Amino acid sequence: MDNKTKKLLSECIVLSIFLFAIRYFALVPNSLYDYVSATGEVVSATIFFMCIYCKWIWKYNPFEKYPRLMGDYIGTIDYCYNDKEEKKEMRATIKQTLLSIHIQLITDEITSNTIVGNLVEENDGFVLYYTYMTNPKSRFSKENPIQYGSCRLLANKRDCLEGIYWTSSKTIGDIKFKRIIK
C-alpha cells in the first residue's frame, strides 16, 4: 500500500470517529439497534465524503503535497529506433484524481493511453511512472504496430514534465512537455 492510500485510510478513520462522536451526542443511542444504525450512517457519510474528496476537493487542499498535473500539454519526443534518431511533436492530456492518473498522448502516427500510472515521491521530488499501450493510425500500423511502453517523468518543475520512455519494440527516447495555460 502506498503512502497516499495509507494517509487516506487514516484520515477516513479519524473522520469516522469524529462523525460518530457528533452522531452519538446529537442522538444518544438507547439500544444496540441505535448503535448499528449510527455506525451505518457514519460509514456512509465517510465513504461519500472521501469519494468527493478524492475526485475533486483534494485539488484545492493547500496541505496536499502531490502535484496537480491534470491539463493539456504540448511537447516533443526524441527517440532512437534501429539506430535512427527522430523527433516528433505531440500533445498530451492528463486526467488526475488523488488516487489515479490517466495520460493520453497523441502524435501524428499514434495515440497512446495509460494502462496504469502512479505518482511516486522519490528523492525529495515526484516522479510519474506509467505504462501505456499505443494505438497507431491505420496507415502507420505496419511500420509502427500496437506496442506497450513505460515512461518515467520528473514532475518537479511547475507546468513541465520531462523524462524517458521505452517500448516493447525496443524504442527508447526522451520526452518533454509543457502545460498549455488557458
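Key figures for this structure:
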quantity	calculated
Nitroxide proxy distance, nm - points 7 Å out along Cα→Cβ at THR39 and ARG158	4.9 nm
Gyration tensor (alpha-carbon) shape descriptor, the chain, a/c threshold 1.5	prolate
Amide H contacts of ILE180 (H built 1.01 Å from N, under 5 Å, at least 5 apart or other chain)	ASP72, TYR73, ILE74
Cα gyration tensor category, rounded, prolate or oblate, for segment 74-182 with a/c compared to 1.5	prolate
Nearest-ten-degree value, helix 32-55 long axis tilted from longest Cα axis of the chain	30 degrees
Cα-projected label distance for SER10 with SER169, points at 7 Å along beta-carbon direction, nm	4.6 nm
Degrees, to the nearest 10: 3-26 long Cα axis against longest axis of the chain	20 degrees
Potential lengthening between ILE181 and ILE22 on full extension [0.36 nm per residue; Cα-Cα distance subtracted]	52.9 nm
Value at 222 nm in deg cm²/dmol, rounded to 500, when DSSP H runs of n ≥ 4 in the chain each add -39,500 (n - 2.57)	-9500 deg cm²/dmol
Karplus (6.51, -1.76, 1.60) ³J(HN,Hα), θ = phi - 60°, over segment 152-165, in Hz, Gly and Pro reported as x	10, 10, 7, 10, 8, 8, 5, 6, 9, 10, 8, x, 10, 9
Anchor LYS84: aspartates and glutamates whose Cα lies under 19 Å away (excluding residues fewer than 8 positions away in-chain)	ASP108, GLU109, GLU143, ASP174
Long pairs among LYS65/LYS95; LYS137/LYS182; LYS7/LYS95; LYS6/LYS176, criterion Cα-Cα beyond 20 Å	LYS137/LYS182; LYS7/LYS95; LYS6/LYS176
Burial ranking of peptide ranges 27-39, 94-106, 10-22 (average Cβ count within 10 Å, highest at the top)	94-106, 10-22, 27-39
Spin-label zone in segment 166-182 - amide nitrogen under 16 Å from a point set 7 Å from the Cα of PHE140 along the C-beta vector	166-176
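Read the figures in this text as sums done on the coordinates, not as results from a lab. Owing to the predicted nature of the structure, the values given are computational and were not obtained by experimental measurement. Positions of Cβ are backbone-derived with ideal geometry, glycine not excepted, and every protein chain shown enters the neighbour counts.
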